[in-house]
Amino acid sequence: TIEDLDEAYEKEIGPRKSETGLEGKNDWDKACSLLRSTAPRQTLWAVRVICVDLERDWNKGRHFPSNAESLDWPYPILLPVSLRCLLDSPVAHTNGLLLHVYTLRALYALLKLRAPTEHVIDFGKEALESPQLLYQDVFLDDALPTPPYGSLYPPADTTTVMSNDAGDAIAYTTSSVSAQKDGEAFLNDPLWALMSKMRIIPRLAQLLESRHELPVEGLVAMSGILSMLSVRSAGSASAIARHSTLLPSLLHQTVMPPTNERTTSHFLEPTITFPIMLLLNNMARQSKYVASQIPYIDFLLPLLGIDATGSKHLLQVQKWALIFWRKLLRYGLGLSGLSSLVPLSIQHISTESKLATAYCTLFAAWLDCVKVFEKAKTIETFKSSLQENELKILSSTLTWLWPSIRQCVNSLG
């Protein structure tokens, strides 16, 4: 009941105060006291203060990973539970999804502060310098070395069976006892607790389907949360991919070209396109099944066809779009559309282009698919597993690629 939750919350951070009883407290303490206020303006102010403070802590370099037992967690145990409950708040007529944007940003910051370093995805200025991105970009390898999960998280006491059907209940229900347990579970394994116990995926999907368009700051935070969930485990990435509306809705609002039936103000918004590309890359490298669920053909070719001359940001987005396509090819996926990619690559297959390496490694993965095809094309079961257009692409690859290969050799010679 609400009374049970209030009692548990008061034990953790002290009783809730009225607005006139907060003298002498700093903004953080006031915000924690007002986080469960029944006054919408007080709740909005509280979550904004908490969001800003958590983001400031992260930007200052603070980090309390769950696998570092020597570091004490400085925030209330029930804070992630309270933020998840706020995410279920109805959309206000006065400020739309503003409360939800601050809540998503606060949850994302809280995840970065608590998750192990290997599973932190940050879109800040140093994002491109992270070991995970450098390994894929500079070393041109998509099979990232990662430590065993046993060294990052304690063994789970129970297993939660999750369903991702769109018709499932999306509200996060809890009691005083379960709230305490969920808060402790977040400290032990924040990503798994947020997904399995707090049912974050169905709620994110519903927010994307709201008649109010989620502001770009909320989309960035949502992409960060989903990216960190996807690197947590292949099962987490599969749960995201299997949801019938979550990923399609997110892509429709960000990178898929608008149509007469569907428009968005965030198409290729500089702030969100790079996080979306990293999300897709993180999902695709987890398993072939996850990669196969991503509708790449609807946005990759239009995105790569844009002239990015003079736009450093768009060049980075296109490079990671090519790296994503390279991952698909290493699974034997992503063959459709390759014939249209060859003309787009001609201007880049030179040492001067920033995308030359990305195109070359993509073509190398494509040729690996051709080698497998040449060895197994007489096997009927192998041929039957490919669509007619994929058979045509694999049969004609060398004819299509030879001019690009010759140009590349001439540039190097």
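Computed values, structure above
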quantity	calculated
Heavy-atom SASA rank of Trp366, Trp28 (probe 1.4 Å, accessible area, largest first)	Trp28, Trp366
Rounded accessible area of Val220 (nearest 10 Å², 1.4 Å probe)	30
Solvent-accessible surface (1.4 angstrom probe) belonging to Lys112, in square angstrom, nearest 10	20
Accessible surface ranking that places the most exposed of Cys360, Cys32 first, with a 1.4 angstrom probe	Cys360, Cys32
For Tyr108, solvent-accessible area (1.4 Å; no DNA, RNA or ligand), Å²	20
Loop-resident sites, the stretch 173-224, for trypsin sites (Lys or Arg not before Pro), counting at most 12 other Cβ within 10 Å (DSSP)	Arg211
Rounded FRET efficiency, nearest 0.05, which uses the C-beta distance separating Thr38 from Val177 and R0 of 22 Å	0.45
FRET efficiency estimate (nearest 0.05) - Cβ-Cβ, Ser89 to Thr399, R0 56 angstrom	0.45
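The values are calculated or read from the model by the stated rules, or taken from the named source; none is laboratory data. Keep in mind that what you see is a predicted model, and the values were worked out from it rather than measured. Note that we place each Cβ from the backbone using ideal geometry, even for glycine, and neighbour counts take in every protein chain shown. Calculation scope for accessible area: heavy atoms of the full protein, side chains included, ligands and nucleic acids excluded. Shrake-Rupley method; radii C 1.70, N 1.55, O 1.52, S 1.80 Å.
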